[in-house]
Amino acid sequence: MKKMARVVLQQITKTFQNQKVVKGLNLVIPDGSFTVLVGPSGCGKSTTLRMIAGLETATDGEIFIGSQSVNALPPGKRDVAMVFQNYALYPTMNVYDNIAYGLRNRGTSKKDCDVLVKEIAEIVGLADFLKRKPSQLSGGQRQRVALARAMVKKPKVFLMDEPLSNLDAKLRNQMRVELTSLHKQLGSTFIYVTHDQVEAMTMGDQIVVMSDGNIMQVAAPMDLYQEPENLFVAQFIGSPPMNIVPAEGRSDQLWGFRPEKAVLLPASVSPVSAGEMWTAKGQIVSREILGSDTLFHVETEKGRVIVKTETEEIGQYGSNVTVTVAKPHVYIFDRVSGKKVGRLAERGQVSALAGGVN
């Protein structure tokens, strides 16, 4: 069933009523990848997906699927299949007919149609539900019908616009696992839109972070997390997000560190190797217990930060504490452009980019 295609966007722009909502995107989506477009509402990710599908026309630029420019092609000729968040099933048709609908429209023979529908129903776990109407199915089962209807076309590219957003948290987690397994089984190109960075990090092998119609960074999940290129990505990716504090001795910089890289000490305890640490004294103003982890919100002399630990015994509300972070875990960002310019220390040495601050 393997049928792949690279998707390339060259200087893609979309303007609605004199307002640019997508601003000159250049992006390569590799054959067979699971690429996730992620960003806040209104950043242009769904519009970008709809332009690939042919449901919106690009104002400028060119879209290639495989080696073919598809700008002038209608949606039905692009060899893509789209799955929407509202499933868009026909309520009067049973599951079998919903899946078969597109095949019949294309003139597929009854015999071939039957083979394809049953093959796909088996893959997505719907073989026992083919005679049921959508109203007799759970949310997860309806989502599988929508997926099966897309899969039965055997497209080059699957396009998915927030397909799990209508499901409850438990089912959403289950469907994430099923979708990533399905992607590996099919080997097709998946392009998936979500505003949920946790969903993006757990599903994608390539993540495209968008903001205000621009691409902020394209990278694998852990590269995004460990090496964010700018403040936006540093604070959008990660739960809780990266702490950002004023740079010491540099008004043109901001410093950042991940909550789990910080260590919380009682105020009475002096940090070991203090010269190799960023430190701040403060008071615990809030605590969130998340099962195996606890988040401490600490109001420090250098701003409010979050510390993520594996224990809740460090302190209670109102406790005086010291927050420490090893300098190699402290990122340096340009205050004006937001771009990352280095780390506070590399291999224990203070980065020249930090202006020699110890």
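General observations
- Taken together, the residues in segment 151-208 that are among the polar types (S, T, N, Q) and in contact with a Ser or Thr (Cβ under 9 Å, 6 or more places away or on another chain) amount to 8.
- Evaluating ILE284 against the criteria (1) touching a strand residue (DSSP E or B) at 6+ places or on another chain (Cβ under 6 Å); (2) free of Cβ contacts under 8 Å to residues at least 24 places away in the same chain; (3) over 27 Å from LEU37 (Cα atoms) leaves one unmet condition, (2).
- Some residue of segment 87-97 being buried (at least 18 other Cβ atoms within 10 Å of the Cβ) and within 26 Å of THR48 (Cβ to Cβ): yes
- Whenever a residue of segment 133-154 is under 9 Å from VAL83 (Cβ atoms), its partners that are hydroxyl-bearing (Ser, Thr, Tyr), lying with C-beta atoms within less than 6 angstrom and at least six residues away or across chains, give the pairs ALA146/TYR87.
- The residues on offer are ALA100, ALA81, ALA72, ALA88, and the sole one that is in a helix (DSSP H, G or I) and assigned by TED's automatic domain parsing to the domain that holds VAL218 is ALA100.
- Residue-level analysis places GLY66 among those that are under 28 Å from the mean Cα position of the chain (by Cα) and at pLDDT 90 or above.
- Enumeration of residues in segment 177-191 that are outside any helix (DSSP H, G or I) and farther than 27 Å from ASP97 by Cβ: GLY187, THR189, ILE191
- The residues in segment 295-334 that are under 17 Å from PRO240 (Cβ atoms) and of a type in the set (Gly, Ala, Ser) can be counted, and the count is 1.
- Scanning segment 62-76 for residues that are touching a residue at least 60 places away in the same chain (Cβ under 8 Å), closer than 20 Å to LEU186 by Cα, out of contact with any Gly (no Cβ under 9 Å at 6 or more places or on another chain) and β-branched (Val, Ile, Thr) turns up at least one hit.
- Residues that are assigned to a strand (DSSP E or B), surrounded by fewer than 23 Cβ atoms within 10 Å (Cβ to Cβ) and among the hydrophobic types (A, V, I, L, M, F, W, C), drawn from segment 1-24: VAL8, LEU9, PHE16, VAL21
- Some residue of segment 209-218 being part of a strand (DSSP E or B) and over 30 Å from LEU25 (Cα atoms): no
- Residue that is surrounded by the most Cβ atoms within 10 Å (Cβ to Cβ) [pool: residues in segment 243-259 that are touching a strand residue (DSSP E or B) at 6+ places or on another chain (Cβ under 7 Å) and among the small types (Gly, Ala, Ser)]: GLY256
- Residues of segment 280-301 satisfying the condition of being surrounded by 17 or more Cβ atoms within 10 Å (Cβ to Cβ) and among the β-branched types (Val, Ile, Thr): ILE284, THR294, VAL298, THR300
- Filter result (of a type in the set (D, E, K, R), assigned to a strand (DSSP E or B) and either over 15 Å from the mean Cα position of the chain (by Cα) or over 23 Å from GLN197 (Cα atoms) (or both)) within segment 138-176: none
- Scan segment 107-127 for residues that are more than 21 Å from HIS183 (Cβ to Cβ) and either in contact with a Lys or Arg (Cβ under 6 Å, 6 or more places away or on another chain) or in contact (Cβ under 8 Å) with a residue 40 or more places away in the chain (or both) and the total you get is 0.
- A single entry from SER181, SER211, SER188, SER165 fulfils the requirement of being touching a helix residue (DSSP H, G or I) at 6+ places or on another chain (Cβ under 7 Å) and in the same structural domain as ILE29 (by TED's automatic domain parsing): SER211.
- Some residue of segment 41-48 being exposed (fewer than 15 other Cβ atoms within 10 Å of the Cβ) and either on the phi < 0 side of the Ramachandran plot or out of contact with any strand residue (DSSP E or B) (no Cβ under 7 Å at 6 or more places or on another chain) (or both): yes
- Candidates LEU171, LEU164, filtered to the one that is surrounded by 14 or more Cβ atoms within 10 Å (Cβ to Cβ), touching a Lys or Arg at 6+ places or on another chain (Cβ under 8 Å) and at pLDDT below 90: LEU164
- Test: residue in segment 227-235 that is in a strand (DSSP E or B) and surrounded by fewer than 16 Cβ atoms within 10 Å (Cβ to Cβ): no
The values are calculated or read from the model by the stated rules, or taken from the named source; none is laboratory data. Just so it is clear, the structure is predicted and the values come from calculations on it, not from any experiment. Positions of Cβ are generated from backbone atoms using ideal geometry, with glycine treated the same way; all protein chains shown enter the neighbour counts.
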